[in-house]
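Encoded as C-alpha cells, the structure appears first; notes follow it.
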Amino acid sequence: IEMARILNQENPGAFHFDICGGGPAQDALTASVNRLGLNDVVKVHGRLNRQALLKVYAACHAVLVPTRSDFCEGFALVAAEAILCGRPLIASSVVPSTEVLHAATVIAKTNDPRSFTQGIKKLRDEVPFYEQLRAACPALCKQFLDGSMSHQSALGAVFEAMAKPNR
C-alpha cells in the first residue's frame, strides 16, 4: 500500500496494483486502501480461482513480492507463477526464490517501499532492461516444468535410498 501511495503521489493514476490472495489481514488491507483513497490505484482481489488469477497475470507488467524481514518466506510460489507467466519480479533478498530467479528479478532493499518503487519505475522507464528480464523467463521456466526436479521425484529418490541395505 505504501508503494502505491508513493507512486500515486508522484504520478497520479500512472501505476495500478492488483493484490491477489486471501488471509486474515485482507479486511485491514482493504480498509487501508479505502482510508488512503487509493481505490482507483489498488484493487484487492482476495483469493482468485485459477482462470481469474491467470487473467490478472496476463494484464500485469511485473510481479511484486514485498516480503518483510519479520516474515519467514519460503520459495514464494507467486515468484514461480510470475516467471511461468513471463513477468519479471521485484523482490528483496529475503525471498529465497530470488537466488534462482535473479535473471528475471529486480532486487529491492528489504523493508524499503521506496526501493521497490524505484524498481517499478526502472522497469517502466528502461524498456530494454524490462525486455531483458522478460526474455530470461522462458529458460527459468524449465526448472518448474521438469518432472525430475519435482517434490515427488525428490521424495522418491529419498525413499529409494532408504530402501537400500546399509553396507
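May I ask you to list the chymotrypsin sites (Phe, Trp or Tyr not before Pro) in segment 1-91 that are in a DSSP loop and have at most 12 other Cβ atoms within 10 Å of their Cβ? Before the final figure, lay out each step's value.
Details: sites: Phe15, Phe17, Tyr57, Phe71, Phe75; in loops: Phe15, Phe71, Phe75.
Loop-located and lightly packed - Phe71.
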Angle in degrees between helix 151-163 and the longest Cα principal axis of the chain, rounded to the nearest 10: 30 degrees
Vicinal HN-Hα couplings computed from phi for segment 61-70 (Karplus, 6.51 cos²θ - 1.76 cosθ + 1.60; Hz; Gly/Pro x): 9, 7, 10, 9, 10, x, 4, 8, 5, 8
Residues with amide H under 5 Å from that of Leu64, placed H, sequence gap 5 or more: Ile90
Residue among Leu89, Val42, Thr110 farthest towards the positive dipole end of segment 28-123, charges placed on Cβ: Val42
For the chain, size of Cβ-based charge dipole, Lys and Arg +1, Asp and Glu -1, in debye: 180 debye
Built amide H within the under 5 Å cut-off of Thr105, gap 5+: Leu89
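Quick check: residue separation of Ala139 and Ala14 times 0.36 nm, minus the Cα distance between them. What number comes out in nm?
Numbers: separation 125, 0.36 × 125 = 45.00 nm, distance 3.10 nm.
That pair, Ala139 and Ala14, stretches by 41.9 nm at full extension.
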In Hz, Karplus ³J(HN,Hα) per residue of segment 10-20 (6.51, -1.76, 1.60; θ = phi - 60°; x = Gly, Pro): 6, 9, x, x, 7, 10, 10, 10, 10, 9, 10
Residues whose placed amide H lies under 5 Å from that of Val44, excluding near-sequence neighbours: Ile19
Per-bin percent of Cα-Cα distances, the chain [10 Å]: 9, 33, 36, 13, 6, 3, 1
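Here, each number is a calculation from the coordinates, and none is a lab measurement. The shown structure was predicted, so the numbers you read here are calculated from the model rather than taken from an experiment. Ideal geometry is used to build each Cβ from the backbone, glycine not excepted, and the neighbour counts take in all protein chains shown.
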